[in-house]
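So the structure is just underneath, and the comments pick up after that.
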Amino acid sequence: MKKILYTLTCTAVLASTVMADFSRVEMGVGAWTQTPKGNATYTDGGANGLYTSSENKETSPYVWMLIKHPVPVLPNIRLEYVSLEDKGVASGEFKDFDIGAASTTLSYDMKQYDIIPYYNILDNTAWITLDLGLDIKIIDASYTAVPATGFAGYRDSVIFPVPLLYARARVQIPSTDLGLEADIKYITTGDSTVYDARAKVDYTLKFVPVIQPALEVGYRVQKIDIDEDSIDAKLDIDFSGVYAGLMVRF
């Protein structure tokens, strides 16, 4: 998390010194309080493993940054990071380990890196901003099974990309420093659907002329529903809850 903050800060400082090339830089950091819900199953031959979330509330850090430039043919870029955690109960047989009948605690950490090239369709036109683009969500997931009795335990990790369509809309309320914003990343194919949606309100503090700080508060919902015949593991889990953070605009 510290390395990510350091990298984004250095990039923002560099960008602010070459404003002839960039028209706007924004970045934010905060916390997302959400309750994971759902389950995962694994079936392959005689194997029949099941994981069920304990639905405990979690608070996860997030960081984001966008760079908008004045070259029309080139997409702008938005970068995001969030780290999600969940813990639940697993039983049965999975790909590389057999828990058996006894219930076992399984926890996982899912780091998400979003790389979003987008085009600015409207740029504060009649106080409205509209962005359209493509999100490459890279998921770095690691999980650990801790036995109650008998089972020796297991730990593994996997990294995989998920392409999603991206849309963002923003309304700046006239004669105020308030903004309303919503964005969504979405894809559906076959029986699988993945989406990540947010809605927020932010308030800009304009007492600093060059770097404008702001506060943001919103609600975020993320769902990962993977159900493909070619994949032995099925996943249906979602995260939803409020988030709040600090922003700066250069």
For Cα pairs less than 8 Å apart in space and 6+ apart in sequence, what is the mean separation divided by the residue count of the stretch 173-216, i.e. the relative contact order in percent? 33 percent
What is the sum of charges, Lys and Arg at +1 and Asp and Glu at -1, for the other residues whose Cβ falls under 15 Å from the Cβ of L215? -2
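We did not get these values from a lab; they are worked out from the coordinates using the rules stated. Because the structure is a prediction, the values reported are computed rather than measured. Quick reminder, even Gly has a Cβ in these numbers, built from the backbone with ideal geometry, and neighbours come from all protein chains shown.
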